[in-house]
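Since the structure comes first, as structure tokens, the remarks are kept for the end.
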Amino acid sequence: MATSATESVSPKPLNLAIIGGGIAGTILSISLTKHGIQHTLYESAAQFGEIGAGVGFQPTFVRTMELISPEIKDAFLRCAEAPYMEEDPIYFTVRVGDCKNKNERAVVARRDGREIRVGEKVFDWPARRGPGGGVHRAHLLDELVKLIPDHVPKFRKRLVDIEEADDGTGDAVLHFADGTTARHDAVLGCDGIKSRTREIVLGKEEAKAVFSGKCAYRGLISMEKAAEILGEETPKTAQMFCGHHGHVLTFPIAKGTMLNIVAFTSRESWTNPDWIVNSSKEDILADFATWSPDVKALLSSIEKTDIWALFNHPSARTYIQSSPRICLVGDAAHASTPHQGAGAGMCVEDCYILGELLGEITDAHEIDKAFQAYEDVRRLRSLKLVKTSKEAGLASSKEDS
């Protein structure tokens, strides 16, 4: 029986697709579950997993986790080390990293009348008070996936393309590498810096990430080994060693049992199609030849000596598409360098805003309005991070933009 023009059409319950099962995808899934929104999470790998080691969340972002679900904050705190709960919390202790061809005991800087030698503290960088700190990516993801209903994720689903359904509904038809398809009201692209959903929205060339001019050696060492090098107390808090054309960060993770080390260095270009390549201790020590004995000892202790090329996204003209409905979230929208420790936190903010907006609508035909509101709120803030994070990397390495 046909409806008249004055009769309202029954609302269509939402049925959404999340592409990608990293931190952004899992947190967004938890948010949608809280709002009772039907969805499926498609992950290309055989199981949930994260590459990389440590990642930091400032108190602002942990509070946002709690706004999505207190269980997310609890999951973070089960993994976190050194939350900023003391009276005057410190984000990083900033130290002189290199002596640039001077004697290792020569005075290389002065501050407030103090003579500062290589390896010594310049100042403490204050942090906002509240829950925050570093976690191991894989440990956090392990906790987050426990909050996702078993029927939600589907694995070995690598997205190939998204087409609009041919019945005029605006629905999205997803095509996967295994030959299967799926139909949803909209697609939420949480598939990271090499996002296929970003390519579909922006086109392949515009979607490409660009080399930032920075690379990083990343590694973990035991806290016992770190204490041998830096003493008992220094490894327990975050340290930043600054020098010419590089800087080195250390902070505890895994409940204080491991020290995460990230050593940044500069490159004019990166031509290797792989962004993570094998390196050697000789390469690391060559890049940090003029640095303090402590820094060189830390870098020599890293067992796995891969080097990571750091890419970021150029500003996207949009995060959304209406035919079919697609929304980019997290690194798929605004991948940044890690120099401000806020990339993962921006993903959390995205998930909070988008989840709340989608939770307010009752009809799939209102999705476009929710997506537009999300872009209006999130785009400029997240793109600013991409810019300022790159600038922070230059400043920490005594370089100009």
- Separation between Cα centres of the stretch 163-221 and the stretch 249-276, rounded to whole Å: 25
- Just going by the charge dipole of the stretch 132-221, with Lys and Arg at +1 and Asp and Glu at -1 on Cβ, which of 168, 141, 207 is farthest out on the positive end? 141
- Please give the contour-minus-distance gain from residue 111 to residue 158: 0.36 nm per residue of separation, less the Cα-Cα distance, rounded to one decimal in nm. 11.5 nm
- Query: If only Cα atoms are counted, what is the Rg of the chain, and what is its Dmax, in Å?
  - Reply: 22.9, 89
- Message: If each DSSP helix of 4+ residues adds -39,500 (n - 2.57) and the sum is divided by the residues in the chain, what number results at 222 nm, nearest 500 deg cm²/dmol?
- Response: -9500 deg cm²/dmol
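Please work out how much length the chain gains when fully extended from residue 377 to residue 268, using 0.36 nm per residue of separation minus the C-alpha to C-alpha distance, in nm with one decimal.
Details: separation 109, 0.36 × 109 = 39.24 nm, distance 3.47 nm.
Full-extension gain reported as 35.8 nm.
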- Task: Starting from the Cα-Cα distance between residue 66 and residue 178, subtract it from 0.36 nm times their residue separation and give me the gain in nm to one decimal.
- Result: 36.6 nm
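What Kirkwood hydrodynamic radius do you get for the stretch 117-186 when you take the inverse of the mean 1/r over all pairs of distinct Cα atoms, in Å? Write out the running numbers ahead of the final one.
On the way: mean 1/r = 0.0580 Å⁻¹.
Mean inverse Cα-Cα distance, inverted, gives 17.3 Å.
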- Message: Run through the stretch 99-187 and list the chymotrypsin sites (Phe, Trp or Tyr not before Pro) located in a DSSP loop whose Cβ has at most 13 other Cβ atoms within 10 Å.
- Response: 155
- Please report 26, 265 as a ranked list, fewest other C-beta atoms within 10 angstrom at the top and most at the bottom. 265, 26
- Residue order, fewest to most beta carbons within 10 Å, for 275, 308, 125: 125, 275, 308
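For the stretch 133-282, what is the relative contact order in percent, using Cα pairs closer than 8 Å and at least 6 residues apart in sequence? The partial results should precede the final answer.
Working: 180 pairs, mean separation 25.7, N = 150.
Value for the stretch 133-282: 17 percent.
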- Message: For q values of 0.15 Å⁻¹, compute log₁₀ I(q)/I(0) with the Debye formula on a Cα-only model of the stretch 262-342, without solvent.
- Response: -0.71
- Message: Amide H of residue 192 versus every other amide H placed in the peptide plane: which residues, excluding those fewer than 5 positions away on the same chain, fall under 5 Å?
- Response: 331, 332
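Which longest run of the chain has no exposed loop site in it, a site being GluC sites (Glu not before Pro) in a DSSP loop with at most 16 other beta carbons within 10 Å, and the site itself not part of the run?
On the way: sites that count: 7, 86, 87, 104, 120, 232, 233, 268, 303, 399.
In the chain, the maximal stretch lacking such sites is 121-231.
Taking only C-alpha pairs under 8 Å that are 6+ residues apart, what is the relative contact order of the chain in percent? Don't skip to the answer; put the middle values down first.
Values: 866 pairs, mean separation 86.9, N = 401.
It comes to 22 percent, rounded to a whole number.
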- Message: Based on the alpha carbons, how large is the Rg to Rh ratio for the stretch 164-309 when Rh follows Kirkwood?
- Response: 1.16
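In the chain, what percentage of the DSSP-assigned beta bridges are antiparallel, given to the nearest 5? Mind showing how you got there, number by number?
Values: 58 of 76 bridges.
Given both bridge residues lie in the chain, the antiparallel proportion sits at roughly 75 percent.
Values quoted throughout were computed directly from the atomic coordinates according to the rules given, and no laboratory measurement underlies them. Owing to the predicted nature of the structure, the values given are computational and were not obtained by experimental measurement. Here Cβ is always computed from backbone atoms with ideal geometry, including for glycine, and neighbour counts include all displayed protein chains.
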